[in-house]
C-alpha cells in the first residue's frame, strides 16, 4: 500500500460515510517527523479527543472501561458513532489519565479514562505517563508514552 500524505490537521479530522477521501479501516500512518503512529478506526458514542478506546479486528472501538481487554488507541478527535477517525497507538501523546508523571497506568472504573491506581485488575501494557507530567483532575489530559498499548486482566505490577 502506498504511503498516505497527511497534513497535520487531518489527524483530528472526523470522517463520515459520504467522504470519498476516507482512509481504509485499519490503515496506519506514521508521522515522519515525530515517529508517532496512528490507526484509522470507527468511532463510538461519547468519544472525545484523548479518550482511551479498545479496538478489535473489525476496527471498531469501545470507550475504555475496567472490563475491557484488547488493543488500545487514543482518540485524536470526537469520533462518535457513525464516524471514523485516527487513534494514536505509538509515540508521545495526550490521554485522559489521572496519575502523576512517570508511572504505569491501569484501567479505571470511569469509562474513557485511565488511572495510576490498580482498581479493576486490568493493567495497561505499553503505556506510561511521561516524567514531569500528570494531573489529579478527572477528565483532564496527561502526557503519555505509547508503544502499541493493550490491556489484559492481569493484576499487580511489574
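The values are calculated or read from the model by the stated rules, or taken from the named source; none is laboratory data. Predicted, not measured: the structure shown is a model, and the values here were computed from it. Note that we place each Cβ from the backbone using ideal geometry, even for glycine, and neighbour counts take in every protein chain shown.
Rundown of residues vs (1) part of a strand (DSSP E or B); (2) over 14 Å from residue 151 (Cα atoms), yes/no style:
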| residue | (1), (2) |
| --- | --- |
| 46 | no, yes |
| 53 | yes, no |
| 77 | no, yes |
| 87 | yes, yes |
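Just to be sure before I move on: is residue 62 modelled with pLDDT of 90 or more and in a loop (DSSP other than H, G, I, E, B) in the structure I sent? For residue 62, the condition - modelled with pLDDT of 90 or more and in a loop (DSSP other than H, G, I, E, B) - is not met.
Is it the case that segment 102-109 has a residue that's more than 18 Å from residue 139 (Cβ to Cβ), outside any strand (DSSP E or B) and within 14 Å of the chain's Cα centre (by Cα)? Within segment 102-109 (the criterion being more than 18 Å from residue 139 (Cβ to Cβ), outside any strand (DSSP E or B) and within 14 Å of the chain's Cα centre (by Cα)), the answer is no, since none of the residues qualifies.
Filter segment 12-57 for residues that are under 15 Å from residue 82 (Cβ atoms) and free of Cβ contacts under 8 Å to residues at least 12 places away in the same chain; which is surrounded by the fewest Cβ atoms within 10 Å (Cβ to Cβ)? Step by step, filter segment 12-57, then rank; the result is 18.
Would you check if there is a residue in segment 96-108 being surrounded by fewer than 21 Cβ atoms within 10 Å (Cβ to Cβ), under 23 Å from residue 67 (Cβ atoms) and modelled with pLDDT under 85?
The first filter runs over segment 96-108 and keeps only residues surrounded by fewer than 21 Cβ atoms within 10 Å (Cβ to Cβ), leaving 100-104.
Next, only the ones that are under 23 Å from residue 67 (Cβ atoms) stay: 103-104.
Next, from what is left, pick out any that are modelled with pLDDT under 85: none.
Checked segment 96-108: no residue is surrounded by fewer than 21 Cβ atoms within 10 Å (Cβ to Cβ), under 23 Å from residue 67 (Cβ atoms) and modelled with pLDDT under 85.
Regarding residue 77, is this residue farther than 11 Å from residue 52 by Cα, surrounded by 16 or more Cβ atoms within 10 Å (Cβ to Cβ) and touching a helix residue (DSSP H, G or I) at 6+ places or on another chain (Cβ under 9 Å)? Yes: the conditions hold for residue 77.
Return yes or no: is residue 117 surrounded by fewer than 18 Cβ atoms within 10 Å (Cβ to Cβ), free of Cβ contacts under 8 Å to residues at least 40 places away in the same chain and either under 13 Å from the mean Cα position of the chain (by Cα) or over 30 Å from residue 32 (Cβ atoms) (or both)? Reasoning before the result, please.
Numbers: surrounded by fewer than 18 Cβ atoms within 10 Å (Cβ to Cβ): yes; free of Cβ contacts under 8 Å to residues at least 40 places away in the same chain: yes; either under 13 Å from the mean Cα position of the chain (by Cα) or over 30 Å from residue 32 (Cβ atoms) (or both): yes.
In short, yes.
Looking across segment 130-148, the residues that are within 16 Å of residue 74 (Cα to Cα) and either within 13 Å of the chain's Cα centre (by Cα) or exposed (fewer than 15 other Cβ atoms within 10 Å of the Cβ) (or both) come down to 139, 140, 141, 142, 143, 144, 145, 146, 147, 148.
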